[in-house]
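**Q** One structure follows; several queries about it will come next.
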Amino acid sequence: MRADAQNTADKISKSLELLAQRLDVETAPYRLEEFNARVEDPNLWDDPDAAQKLMRDRQALVNSIATYEGIKQELADNIELIELGEMEGDDEVIAEAETALKKLAETAAQKELEALLNGEADGNDTFLEINAGAGGTESCDWANILSRMYVRWAEKKGYKVELQSESPGEEAGIKSATYKISGPNAYGWLKSESGVHRLVRISPFDSAAKRHTSFTSIWVYPVVDDNIEIDINPSDIRIDTYRSSGAGGQHVNTTDSAVRITHHPTGIVVTSSEKSQHQNRDIAMKALKSRLYQMELDRRNAAINEAHENKGDAGWGNQIRSYVLQPYQMVKDLRTNFETSDTKGVLDGDLDGLMGAALALAVSGKTRAEAQEG
């Protein structure tokens, strides 16, 4: 094969190696047999919740096996076609097979990323919190840019995006916003975005056209499933209702029924500003439970816990990613060293490369320093 086709085939093979590892391909057929035997149990649906979980787990395994075997077979078929075309001098067959290989490489890379999403809550919907750091109008504008970036990313994924609350900036942008993002693996994709994001640019608010540095913090936590019980002592919370005010627009509600819940033991504060006070109370309680659940996940996962503890204030020294628009164009993740000069694409929601690198780092177990050395 030609060098470029061989490189493409090698990339697909590497993706297959990871898929095989995550699937545990040697034991997969035996696990599927066990699932099939349990499905045939006449008493299975005596416990509907357990039965539904079993069926979901079985289908996930079936899909994973089919994905792995399909990519493996398609790779072999196209390599065989290229070799046959080379033997017979058929350039058209070679070109078609090489095109198919390139498409397969894209599919394999996407499936490789999806295979990394196997954490306890990765499949859940998620809350995304955005908070402007110190810096006044500059940071509020940066928070608004990040808000737009994540909404565009989610919409490209086909996810449902719901604004839970928003606090506008005094002159421009937003001080804070909370979104609920719903779709397959929403939390798994977004969880690596928690941290401080730093922007360097020529300020549109500075008449002297000087460079400014702005900071905004992002916090991502999963929506708690109904079957996960989080006990909250009523005496530990305070529920306030108030009038929500904002600058207007499609993302800002103005209502007398906004709800704020304060959890005294942890200091967690959650809000919701929908039209119905009853709905707001329900949304805010779910958000509080999700925050408490995230704290429990953090305690179980030392790496995530360390990341949150070290996040600190939205300022110098705490950033996980830098977005530089002047004097050059570069977005760089400081944990993985992944970088791209396509700043426009990133700010328009092209985040899969950055997220994928962070997911791979989390699975590899390497420290931030080791990743930087590598």
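The values are calculated or read from the model by the stated rules, or taken from the named source; none is laboratory data. Because the structure is a prediction, the values reported are computed rather than measured. Cβ coordinates were reconstructed from backbone atoms using ideal geometry, including for glycine residues, and neighbour counts include every protein chain displayed. Heavy atoms of the whole protein, side chains included, go into the accessibility calculation; ligands, DNA and RNA do not. Shrake-Rupley method; radii C 1.70, N 1.55, O 1.52, S 1.80 Å.
**Q** Could you give the length gained by full extension between A209 and E106, i.e. 0.36 nm per residue of separation minus their alpha carbon distance, to one decimal place?
**A** 32.9 nm
**Q** Here's a follow-up. Checking a compactness column here: for the range 1-126, what do you get for Rg(Cα) / (2.2 N^0.38 Å), N being the number of residues?
**A** After normalising by residue count via 2.2 N^0.38 Å, the value is 1.37.
**Q** Under a 1.4 angstrom probe, counting protein chains only, how are R281, R2 ranked by accessible area, largest first?
**A** R2, R281
**Q** While we're here: When only C-alpha pairs under 8 Å and at least 6 residues apart count, what is the relative contact order of the chain, in percent?
**A** Relative CO of the chain lands at 15 percent.
**Q** Could you work out the Kirkwood radius for the range 141-187, taking every pair of different alpha carbons, averaging 1/r and inverting it, reported in Å?
**A** Mean inverse Cα-Cα distance, inverted, gives 11.2 Å.
**Q** With a 10 Å cut-off between alpha carbons and a GNM built on the chain, which of G158, G188, G173 moves the most?
**A** G158
**Q** Along Cα→Cβ, 7 Å out, is where each label goes; now give me the distance between the ones at A3 and Q329 in nm to one decimal.
**A** Result: 2.8 nm between the two label points.
**Q** If you count only protein heavy atoms and use a 1.4 Å probe, how large is the accessible surface of T241, to the nearest 10 Å²?
**A** 70 Å²
**Q** In addition: Restricting to the chain, compute how many DSSP beta bridges are antiparallel as a %, nearest 5.
**A** Roughly 90 percent of the beta bridges in the chain run antiparallel, per DSSP.
**Q** Heavy-atom accessible area of V331 with all protein chains present, probe 1.4 Å, nearest 10 Å²?
**A** For V331, solvent-accessible area is about 0 Å².
**Q** Whole number please: convex hull volume per residue of the Cα set in the range 106-169, in Å³?
**A** 126 Å³
**Q** What length, rounded to one decimal in nm, is gained on full extension from Q279 through to Y30, with 0.36 nm per residue of separation minus their alpha-carbon distance?
**A** Net length gain for the segment: 85.0 nm.
**Q** For E17, what accessible area in Å² do you get when you roll a 1.4 Å probe over the heavy atoms of the protein chains, rounding to the nearest 10?
**A** 120 Å²
**Q** Can you give the Rg to Rh ratio of the chain, both from alpha-carbon atoms, with Rh computed by the Kirkwood formula?
**A** 1.03
**Q** Before anything else, pin down the relative contact order of the range 6-122: Cα pairs under 8 Å, at least 6 apart, normalised by residue count, whole percent.
**A** Value for the range 6-122: 41 percent.
**Q** So how do E83, E296 rank on accessible area, 1.4 Å probe, biggest first, that is with the largest at the start?
**A** Greatest to least solvent exposure: E83, E296.
**Q** Here is the link list: K156/K332; K14/K111; K14/K53; K11/K102; K191/K344. Which ones come out longer than 20 Å on Cα distance?
**A** K156/K332; K14/K53; K191/K344
**Q** Just the C-alpha atoms of the range 69-182: what Rg/Rh do they give, with Rh taken as the Kirkwood radius?
**A** Checking Rg against Rh, the ratio lands at 1.28.
**Q** Would you calculate the separation in nanometres between label points at V200 and K156, each defined as 7 Å from the Cα along the Cα-to-beta-carbon direction?
**A** Simple spin-label model gives 2.4 nm for this pair.
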